[in-house]
Amino acid sequence: MTKQKHPITPPPKLVRAWAALIETHGISDLFTAAAQWGADTELKACCEWLEKNVGRWEIPLELRDTRRPKPPSLKEEALRAISQLENGAIAVGERADTIRRALESIPDPS
């Protein structure tokens with residue numbers, strides 16, 4: 001019986017790095033790293049397939065942005081908090097800290 005290799009099998013060097021995670025951070029971090037690597041590898045393969053078969057370069061970019069969104073910036077969080085306060089959606093105390101952090105991050109004029 002021959003041993004088949006799955007298309008997203010991690011390389012040995014990466015497996016060794018993950019093994020080291022168990023010693024330094026625990027098994028939970030290993031599972032998180034492995035799941036993230038597998039998901040990223042699959043997303044990359046999907047984007048490459050789209051680039052070859054669809055012919056529209058923006059679709060893979062949109063897919064990647066949708067599946068791996070960047071966390072909102074402090075400015076975006078503060079603007080959302082202001083909007084929520086204006087609409088009465090939440091209490092002031094719940095978002096004041098976000099707005100305060102955003103304002104404190106603005107440098108004072110020289």
Counted residues, segment 71-88 - those being surrounded by 11 or more Cβ atoms within 10 Å (Cβ to Cβ) and without any contact (Cβ under 8 Å) to a residue 24 or more places away in the chain: 10
Any hit, segment 66-80, residues being more than 22 Å from Glu104 (Cβ to Cβ) and of a type in the set (A, V, I, L, M): no
Looking only at segment 6-55, and only at residues there that are out of contact with any Lys or Arg (no Cβ under 9 Å at 6 or more places or on another chain) and of a type in the set (D, E, K, R), the one that is farthest from Pro69 (Cα to Cα): Glu23
Lys13 vs. criteria basic (Lys, Arg), modelled with pLDDT under 85, exposed (fewer than 11 other Cβ atoms within 10 Å of the Cβ) and over 30 Å from Thr98 (Cα atoms): no
Long-range neighbours under 6 Å by Cβ, at least six apart or interchain, first residue outside the structural domain of Trp37 (by TED's automatic domain parsing) and of a type in the set (A, V, I, L, M, F, W, C) within segment 59-70, second at pLDDT below 85 and not in a helix (DSSP H, G or I): none
Tally of residues being surrounded by fewer than 11 Cβ atoms within 10 Å (Cβ to Cβ) and more than 14 Å from Thr9 (Cα to Cα) across segment 33-55: 3
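The values are calculated or read from the model by the stated rules, or taken from the named source; none is laboratory data. What you are looking at is a predicted structure, and each value in this text was computed from that prediction instead of being measured. All Cβ positions, glycine included, derive from the backbone under ideal geometry; neighbour counts span all protein chains shown.
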